[in-house]
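The next block holds one structure in the form of C-alpha cells; read it before the comments.
The values are calculated or read from the model by the stated rules, or taken from the named source; none is laboratory data. Since this is a predicted model, take the numbers as computed values, not measurements. Neighbour counts run over all protein chains shown; Cβ positions are idealised from the backbone, glycine included. What goes into the accessible areas is simple: the full protein's heavy atoms, side chains included, and nothing from ligands, DNA or RNA. Shrake-Rupley method; radii C 1.70, N 1.55, O 1.52, S 1.80 Å.
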Amino acid sequence: MGVTVLTLTVLLLVDTYINTLPFLRLLPRPFRLWTWQSAQVLVCLLAVALLHRLRPRAALLELGLGPLTSRALGFCAAAVLPMVLTYGAAAGFQVHLSWSDWVTQAVTAPLAEEVLYRGYVLGQLQRRAGWSFWGAALVGLAPFALGHLYQSVRAGHGLWGVAGVLAITGLGHLFFAWMLERWGDLWVPIGMHALMNLSWDAFDVDATALGGTQANVARFATVGLAIGLTLVLRRGQPGWGETPPVSRSSSSYRD
C-alpha cells in the first residue's frame, strides 16, 4: 500500500507542481524545459532510493537504467526505419531542427517521460506493489496523454483533433510500456521514443502528434516492426514484471 501511495504521489507532484516552481520562470525557455525534465528524473531516483534504501547505482537499476547495450541501440535503429525513410523521403531529407530541439527531442524529453511513466510508475506498481501489467500501465495513460494536450491547444484543433492527439499519445504510452515489459531494459523505450521523436520533428511531419495518413502508416509500420522483432528476439525471456526488483541484499546491485 505504501509503494502505491508514494508512486501516485510522485506522479501527481511531477505532473502538477514541479513545472510551476517560480525560479523556472527566470530561465530561458529551453533551459526551463530541460531543468523541469531533469527534475522529473531526479525525483524518481530519490523516491526509489529513499523508499527501498538503495545506493545511486542500484536506484538507476531499479528504474531499468542498466548499461546501454549495442543490442538495444541496434534494435531501436532497425525498428524506426519505416518512419525515418518515409518522412525523410517526403522532406527530401532536409532536416528542420535547431540544436535545442535536438537536445529536447533526442535526450531530455524521452528520458524524463520514460523514467517517470514507465521506469518509475510501471516498475513500482507492477514489480513492487504487485499490480498486473495492464493495471499499472493504465495508471499512467491519462496523465501522459493529457501532458501532450498542449499540442492541440497550440494548433487550434477542434474536438476530433484533440481526441486524435489524446488517442495517439495514449497508445504511445501503452506501446512504450509494453516495450519495457518485454525487454526489461528502459533504454529500449527511451531509444524508440527518442528516434521516433527525431524522425517526426527533424523532417517537420506535423506540429502535433496527430499527423496525416502517410505519417501514421509509417508510424504504425514502425510500431508493428518493433513488436514483431520483440516477439522474435525476446521469445521465452522473462518480462519486466517477472524479474525480481533490486534488493539491498543482492550483491550484483551494490556500488
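Shown here: semi-axes √(5λ) of the Cα gyration tensor in Å, derived from the displayed model; of the candidates (1) 45, 22, 13; (2) 26, 21, 19; (3) 29, 22, 17, it corresponds to (3). When each of the peptides 21-29, 208-216, 112-120 is scored by how many other beta carbons lie within 10 Å of its residues on average, the order from highest to lowest is 112-120, 208-216, 21-29.
Once neighbouring chains are kept in place and the probe is 1.4 Å, which whole percent of the accessible area of the chain is contributed by carbon and sulfur? After summing per-atom areas, the C and S share lands at 66 percent. If you plug the beta carbon distance of Ala155 and Ser132 into 1/(1 + (r/R0)^6) with R0 = 41 Å, you get a FRET efficiency near 0.70. Considering only the other residues whose Cβ falls under 14 Å of the Cβ of Trp183, what net charge follows from Lys and Arg at +1 and Asp and Glu at -1? Local charge sum for Trp183: +1.
Each Lys and Arg adds +1 at its Cβ and each Asp and Glu adds -1 at its Cβ; summed about the Cα centre, the chain shows a dipole of about 600 debye. Helix-only arithmetic for the chain: the sum of -39500 (n - 2.57) across DSSP H runs with n ≥ 4, divided by the residue total, places the mean residue ellipticity at 222 nm at -19500 deg cm²/dmol. For the chain, the membrane-span-like helix rule (DSSP H, alpha carbon extent of at least 18 Å along the helix axis, mean Kyte-Doolittle at least 0.0) picks out 2-16, 29-52, 133-146, 159-183, 187-202, 213-233; this says nothing about an actual membrane. Largest to smallest in accessible area, the residues Ile227, Ile18 fall in the order Ile227, Ile18 (1.4 Å probe, all protein chains included). The residues packed around Gln126, meaning those with a beta-carbon under 11 Å from its beta-carbon, carry a net charge of +1 if Lys and Arg are +1 and Asp and Glu are -1.
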